[in-house]
Every structure is written in structure tokens, then in C-alpha cells.
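What follows is a set of notes on a single structure, which appears directly below.
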Ligand code: FES
């Protein structure tokens with residue numbers, strides 16, 4: 001038995017544009033917690049913004065409706081080209 005209303009989770013990247021998120025991927029606020037010395041020590045999970053897709057997340061950093069894309073990227077010289085070479089992702093504390 002299958003549920004045809006279920007949409008598989010998917011994140012697609014629009015060339016020089018936003019992330020297109022569909023399916024069961026909740027969007028939540030998170031805040032950095034700091035020590036008394038001002039060092040980041042952990043994340044605090046915040047409120048639920050969207051229980052699932054579809055939504056479009058800004059990648060250019062210039063949206064007036066963050067975290068969502070408001071199409072500002074079309075009016076600015078945003079180059080969303082990925083610059084990191086493929087390979088294993090670094091984990092915190094592994095250095096450069
Ligand atoms: S990616 Fe569209 S406004 Fe930033």
C-alpha cells in the first residue's frame with residue numbers, strides 16, 4: 001500500500017538562484033549558544049518555520065524575506081557557482 005500524497009524529500013539548486021526544497025524536510029530556526037568567553041559551543045533548536053516543502057531558500061544572502069528567496073538574486077550579480085572541490089566534508093575540529 002502506498003500513499004500517493006507523500007512527496008520524497010529533495011533539495012535542488014537553481015543555477016545562480018535558490019535551493020528548491022520539496023517533500024518532508026522541516027525548516028526550523030537554530031541559534032548558536034555562546035560560552036561566557038564568547039565562543040560558540042552548541043546549537044539551540046528553535047521554532048518550526050515550515051513543516052515540509054515546497055519552499056525556496058535564499059542562497060545569495062540578499063533576500064528581504066529570509067530565509068526564503070524573494071528573487072532579489074535576479075537583480076544582483078549573484079554567482080552561485082560552487083567553489084569547493086569534491087571530496088569528503090571536513091568535520092569540526094579537523095582543521096583545513
Ligand atoms: S537566492 Fe533568491 S533572493 Fe537570494
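All of the numbers you see were taken from the coordinates with simple rules; none came from a lab. Note that the structure is predicted; figures quoted are calculated from it, not measured.
Within the listed set 46, 23, 38, the residue fluctuating most in the Gaussian network model of the chain (springs between alpha-carbon atoms under 10 angstrom) is 38. Sequence-distant contacts, meaning Cα pairs under 8 Å at least 6 residues apart, place the relative contact order of the range 10-74 at 32 percent. Within the chain, the proportion of C-alpha pairs whose separation exceeds 24 Å stands at 44%.
Within the listed set 72, 22, 83, the Gaussian network model of the chain (springs between alpha-carbon atoms below 10 Å) gives the highest mean-square fluctuation for 83. Between 11, 45, 21, the GNM of the chain built on Cα springs shorter than 10 angstrom shows 45 fluctuating the most.
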